[in-house]
Amino acid sequence: QVQLLESGGGLARPGGSLRLSCAASGTIYTIYTMGWYRQPPGKERELVAVITSVGTTNWKESLRDRFTISRDNAKNTVDLQMNRLKPEDTAVYYCGAYVAETPHNDASHYWGQGTQVTVSS
């Protein structure tokens with residue numbers, strides 16, 4: 001089993017910054033992609049950004065100029081630096097990862113519990 005633990009959510013003012021962190025633990029052979037998704041109130045979950053083990057990223061394009069994703073393969077962690085936050089960034093942010101638990105297993109997708117980010121004055 002694989003667990004994803006998020007931290008760093010909270011309340012920020014418009015224009016402020018927050019940094020989210022996610023750590024994977026458990027039975028891990030390799031993590032193919034790791035990243036962040038969000039679910040705004042009343043809306044569906046959407047991609048924020050994901051990053052592969054070699055640093056290739058996939059983004060919600062409208063966020064690329066304000067957010068930065070980074071990954072530490074040795075620590076099995078992924079961070080999301082969010083700058084110039086806007087009220088519309090308010091959402092539950094979820095860490096997600098495609099993980100192979102052994103060399104012989106297909107990868108499975110895992111989710112964290114989510115962390116609330118609220119942007120409000």
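So is Ile51 open to solvent by less than 50 Å² (accessible area, probe 1.4 Å), more than 17 Å from Gln113 (Cα to Cα), part of a strand (DSSP E or B) and not hydroxyl-bearing (Ser, Thr, Tyr) or not? Yes, satisfied. The condition of being without any contact (Cβ under 8 Å) to a residue 24 or more places away in the chain and part of a strand (DSSP E or B) holds for only one of Ser70, Ser62, that being Ser70.
Of the residues making up the range 88-100, just one is open to solvent by 50 Å² or more (accessible area, probe 1.4 Å) and either farther than 17 Å from Arg64 by Cα or aliphatic (A, V, I, L, M) (or both), namely Tyr98.
In the range 22-42, what residues are of a type in the set (A, V, I, L, M), surrounded by fewer than 20 Cβ atoms within 10 Å (Cβ to Cβ) and within 21 Å of Thr68 (Cβ to Cβ)? Result: Ala23, single match.
The values are calculated or read from the model by the stated rules, or taken from the named source; none is laboratory data. Predicted model only: the values in this text are computed from it and were never measured. A quick note on method: Cβ atoms are made from the backbone with ideal geometry, for glycine too, and the neighbour counts reach across all protein chains shown. These area figures cover heavy atoms from the full protein model, side chains too; ligands, DNA and RNA do not enter into them. Shrake-Rupley method; radii C 1.70, N 1.55, O 1.52, S 1.80 Å.
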